[in-house]
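A short worksheet on the structure shown next.
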Amino acid sequence: MNVRKLRFCMVARIVLFFLLLSAAPCLIFAEDSVRVGILPFSIHAQDEMDLLQNRLGELLEKQLSKEGVSAVLFSRKTITEEDYIDNKDWLRSFGQRRGVDFVITGSLTLIGGGFSLDAEAVSCDAARPSYSFYVQGEGLETLLDRIQKLAGRISDKIFERKNIVRINIAGNRRIEAEAIKRVIKAREKGPFLKKELSDDLKRVYGMGYFDDVRIESADILGGREVTFHVKEKPIIRNMEIKGNDAINDDKIKEALDIKTGSTLNIRNVRNNMEIIEDLYKEKEYHNVCVTFETKAVEEDQVDLLFTVKEGERILIKEIIFEGNVVVGSDDLQDVIETSEKGFFSWLTSSGELDPEKLEMDIARIVGYYNNHGYIRARVGEPEIAYKDEWIYVTIKIEEGPQFGIGEVTLEGDLIRPEEELTGIIEITKEEVYNREVIRNDVLALVDVYSDAGYAYADIAPRMKEDPDNLKVDIVYTITKGEPVYFEEILIAGNTRTRDKVIRRQLDVYEQELFSGKRLRQSSQNLYRLDYFEDIKVNTGKGSSDNKMNLHIDVKEKPTGAFSFGGGYSSVDKLFVMGSISQKNLFGRGQTLMLQASIGGRSNIIDLSFTEP
């Protein structure tokens, strides 16, 4: 076999694989009972294409099935046993013996990069006509599309399909007919396909506005008339909740997504029942039961009633720790936030079961063990049991051995002597492994590097366990990255305060090396001005990887003050006093203050101006 032949056959195999993959079975809607038999197609090509010949009929059978045709594929062996003769009389007789209405035969001709697909559907009833079909394509990758088109043409002919002349919508009152037609795929002047109409029925029902949808069709002049009969769901006129003592109506209705005036959807109603139950379970009413009922009040309107049976409030009676040998249960109870019911549970949240809080408590227990040298500690999912109107929580623990601190080293990009950097970290002073101390050490090293301009320095602690000696060696691997410079300092939100007033409080400057310490100091300076209600300091990438933009967003607050008062003294008798001040005069950061005291014997006026 030459190279060209080999390549062509390989392409054919690959294409056939994906064709068969894409021709997976799907739900079909059977039309009138019509059975067809498919004979093996002939292949006309320069190269041997046995694989394509064997699979071509299978592809056509799958596509005809999608069109609602009951198709059966006859093998080459079957027709050989019956002395195959390629003429209509033999094909008609063969089909009658096999119990089919039509026999399909054909050929595929490969010419250069293109192909032509010819087929003939021979009627087994001499009174009915036979049909010939012809499609073309470029490249085997378009073969499935051509077979789909061929299957559509065959099914149109053998079913004697008619076009849809008119589509009607009946029974709708509130929902406009055009809104319904927009979800329908069938179109006037398009083919009448029961499979497509079956899908359209599901689409209309899926709109959620109808209790019932059915389709009727009738023959009229020029084709078929299709009518969608719909029965609209009623509108909720009023919604009530009864039996709810622990949670008021407004709180419940706020959580529901059902509103008065909306369409009654039973599935949605059941979902909202679960919402109500979840609200109660958050308040420890775990035996709550919610039911609903509807009452027809007017045409197409109902009242919806939710009935709540609250049951008793169920709280945590006991939290049981299992497997903890070294750490006492009382100590673990102090670590977690979930607690057993206490005397003042009616006032506090003690005894309440909060799944999210309990999940965080598991992480807290693991962290506690890790901070005390138990790096292999494992805590299982909490087991929750409801018994005798109480909740019992069981937490199973595997403590494992306690590990001490072995050798602590630093490697990578050291910008200071290793001894100096080692002196910064605190884990060397610990006797046992402590995850929290290691985390703080990482932050301390990051501060050192960021103050030197390495804004993106990465500190990665790596632990190596020594199970024989129960020690952990710790290596801090440092990647400093490139030094980063402030490119631009961008200020926003200051409608009154001038930029220069803000900039003079900053300890960082454009084109200067990044410094985390001075950036934090700058933020504190801005807060001390007391000009702003909120200050957000963020950094962003500049024009290159080693450039950083500083974004300062402020929200200003009133900076003026006014006071007035009066009194009586033995010297001045009656007197009045007042003051008015502005700490950010004209947005320049200047302070102007006027104070005055007027009495019977003396008047005092004080005017001050401060230029920072």
Practice task
Those residues that are part of a strand (DSSP E or B), in contact (Cβ under 8 Å) with a residue 24 or more places away in the chain and more than 30 Å from Leu594 (Cα to Cα), I need them from the range 516-570; list them, please.
Solution key: Thr539, Lys547, Met548, Asn549, Leu550, His551, Ile552, Asp553
Practice task
Would you confirm whether any residue within the range 289-296 is more than 26 Å from Gly342 (Cα to Cα), crowded, with 18+ Cβ neighbours inside 10 Å and outside the structural domain of Val183 (by TED's automatic domain parsing)?
Solution key: yes
Problem - Verdict on Tyr209 being among the aromatic types (Phe, Trp, Tyr) and touching a residue at least 24 places away in the same chain (Cβ under 8 Å) - result: yes
Practice task
Return yes or no: is Val501 surrounded by 14 or more Cβ atoms within 10 Å (Cβ to Cβ) and part of a strand (DSSP E or B)?
Solution key: no
Problem - Residues that are buried (at least 17 other Cβ atoms within 10 Å of the Cβ), among the polar types (S, T, N, Q) and at pLDDT 85 or above, drawn from the range 147-175 - result: Gln148, Asn172
Practice task
Six or more apart or on different chains, Cβ under 9 Å: which pairs go from a residue in the range 573-596 that's at positive phi to one that's part of a strand (DSSP E or B) and modelled with pLDDT under 80? Could you list them?
Solution key: Lys573/Gly599
Exercise for the section: At least 3 residues that are more than 19 Å from Ile241 (Cβ to Cβ) and charged (D, E, K, R) in each: list the strands (runs of 3 or more DSSP E) lying fully within the range 271-360 that qualify. Expected result: 315-322
Fill in the blank from the handout: Reported set for the range 588-609 where residues are surrounded by 11 or more Cβ atoms within 10 Å (Cβ to Cβ) and more than 18 Å from Arg496 (Cβ to Cβ) is Met593, Leu594, Gln595, Ala596, Ser597, Ile598, Gly599, Gly600, Asn603, Ile604
Exercise for the section: Can you confirm whether the range 93-112 contains a residue that is at pLDDT below 85, surrounded by fewer than 16 Cβ atoms within 10 Å (Cβ to Cβ) and assigned by TED's automatic domain parsing to the domain that holds Ser42? Expected result: yes
Practice task
Quickly run through the range 373-405 and pick out the residues that are within 23 Å of Asp468 (Cα to Cα), crowded, with 19+ Cβ neighbours inside 10 Å and out of contact with any Gly (no Cβ under 8 Å at 6 or more places or on another chain).
Solution key: Ile405
Exercise for the section: All but one of (1) more than 30 Å from Glu418 (Cβ to Cβ); (2) of a type in the set (Ser, Thr, Tyr); (3) within 37 Å of the chain's Cα centre (by Cα) hold for Thr497, so report the exception by its number. Expected result: (3)
Exercise for the section: Looking only at the range 449-469, decide whether some residue is in the same structural domain as Ile427 (by TED's automatic domain parsing), touching a Gly at 6+ places or on another chain (Cβ under 7 Å) and under 21 Å from Tyr374 (Cβ atoms). Expected result: yes
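How about the range 552-587: which of its residues are within 25 Å of Tyr509 (Cβ to Cβ) and surrounded by 15 or more Cβ atoms within 10 Å (Cβ to Cβ)?
Of everything in the range 552-587, those that are within 25 Å of Tyr509 (Cβ to Cβ) and surrounded by 15 or more Cβ atoms within 10 Å (Cβ to Cβ) turn out to be Ile552, Asp553, Val554, Glu556, Asn584, Gly587.
The values are calculated or read from the model by the stated rules, or taken from the named source; none is laboratory data. Just so you know, these numbers come straight off a predicted model, no measurement behind them. Heads up, the Cβs are rebuilt from the backbone with ideal geometry, glycines too, and the neighbour counts pull from every protein chain shown.
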